[in-house]
1. Would you pick out the residues in the stretch 75-126 that are touching a Lys or Arg at 6+ places or on another chain (Cβ under 9 Å), surrounded by 15 or more Cβ atoms within 10 Å (Cβ to Cβ) and closer than 30 Å to Leu59 by Cβ?
2. Within the set of pairs 6+ apart or on separate chains, which have a first residue in the stretch 102-119 that is over 15 Å from Asn42 (Cα atoms), a second that is among the acidic types (Asp, Glu) and outside any helix (DSSP H, G or I), and C-beta atoms under 9 Å apart?
3. Are there any pairs, at least 6 apart or on different chains, whose C-beta atoms fall under 7 Å, with the first in the stretch 78-91 and without any contact (Cβ under 8 Å) to a residue 60 or more places away in the chain and more than 9 Å from Leu51 (Cβ to Cβ) and the second among the hydrophobic types (A, V, I, L, M, F, W, C) and in a helix (DSSP H, G or I), and if so, which?
4. Output yes when any residue across the stretch 62-74 is surrounded by 14 or more Cβ atoms within 10 Å (Cβ to Cβ), hydroxyl-bearing (Ser, Thr, Tyr), on the phi < 0 side of the Ramachandran plot and touching a residue at least 12 places away in the same chain (Cβ under 8 Å), and no when none is.
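Just so it is clear, none of the values below were taken in a lab; they were calculated from the coordinates. These numbers come from a predicted model, not from an experiment. Cβ sites come from the backbone with ideal geometry, for glycine too, and all protein chains shown count toward neighbours.
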Amino acid sequence: MASTSSTFQPDPDVHVTFEDQQKINKFARENAKLEELNDELNVKKKELQNLEDAGDEMLMVEDDQPIPYMLGEVFVIMGQESATEMIEKNKKTIGDEMKSLQQQCDLVRQGMSELKVQLYAKFGNNINLEPDES
């Protein structure tokens, strides 16, 4: 009885050179960097959403009511106008940081794409450079 096995059988004719190993290592480093950049981008998105929520809440505050605004690890009491200006300033800063992070992600993806083409051209189905779906 013949059984079909789905176990991976590497091609014995494909040899991994030092340069190939360097490309594989670079791809792994770039992949880790991309994950870090995406995590940082998600943190910035959450910060921006929090600032937008705070801006919406500012609309419901009376004009003469003091506003506690968090700077670093302390709260500073300021007027509504000053607090609104700080929120807008921080939203712009975070937006600029997000653009920079997105540009870095794009550059890393471009480099990874080039490495994928080179590695798949040599190794074909003997190498898996796709992210896990877990």
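1. Result: Ile94, Glu97, Met98, Leu101.
2. Lys116/Glu130
3. Within 7 Å, the pairs are Gln80/Met58; Ala83/Met58; Thr84/Met58.
4. The answer is yes, given that some residue of the stretch 62-74 is surrounded by 14 or more Cβ atoms within 10 Å (Cβ to Cβ), hydroxyl-bearing (Ser, Thr, Tyr), on the phi < 0 side of the Ramachandran plot and touching a residue at least 12 places away in the same chain (Cβ under 8 Å).
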